[in-house]
Amino acid sequence: MKLKALVHNTDFKLLQQQKAVLIDILNGSSLSADKDIAIEGIINFLDSFQDAVVDDQLKTETEVFDHSIETI
């Protein structure tokens with residue numbers, strides 16, 4: 001799948017909600033170090049994906065990010 005197709009098929013509102021849940025899990029519970037690192041890695045990957053989408057001008061920053069959600 002090419003990046004444009006992936007972006008087109010991504011529900012960014014849902015992605016924002018899912019990322020917020022991961023952030024809440026990370027901030028709200030005492031996880032093992034391995035799980036903590038895994039969740040941080042997924043959040044960082046999502047941030048990088050969102051940045052690439054905006055940087056390549058495939059979507060606007062407003063479409064991709066919910067700035068009311070605090071990231072790590």
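The values are calculated or read from the model by the stated rules, or taken from the named source; none is laboratory data. Note that this is a predicted model, so its numbers are computed, not measured. No Cβ is skipped: glycine too gets one built from the backbone with ideal geometry, and neighbour counts run over all protein chains shown. Accessible surface areas use protein heavy atoms only, side chains included; no ligands, DNA or RNA. Shrake-Rupley method; radii C 1.70, N 1.55, O 1.52, S 1.80 Å.
Values as computed for the structure displayed
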{"read-out": "Residue match in region 42-63 (condition: touching a His at 6+ places or on another chain (Cβ under 9 Å) and open to solvent by less than 70 Å² (accessible area, probe 1.4 Å))", "value": "yes"}
{"read-out": "Residues (of a type in the set (Gly, Ala, Ser) and touching a residue at least 12 places away in the same chain (Cβ under 8 Å)) located in region 13-45", "value": "Ala20"}
{"read-out": "Tabulated pairs, region 46-66, first closer than 12 Å to Val7 by Cα, second small (Gly, Ala, Ser), C-beta under 7 angstrom, 6+ apart or interchain", "value": "none"}
{"read-out": "Positions within region 2-15 being touching a helix residue (DSSP H, G or I) at 6+ places or on another chain (Cβ under 8 Å) and not β-branched (Val, Ile, Thr), in sequence order", "value": "Leu3, Phe12, Leu15"}
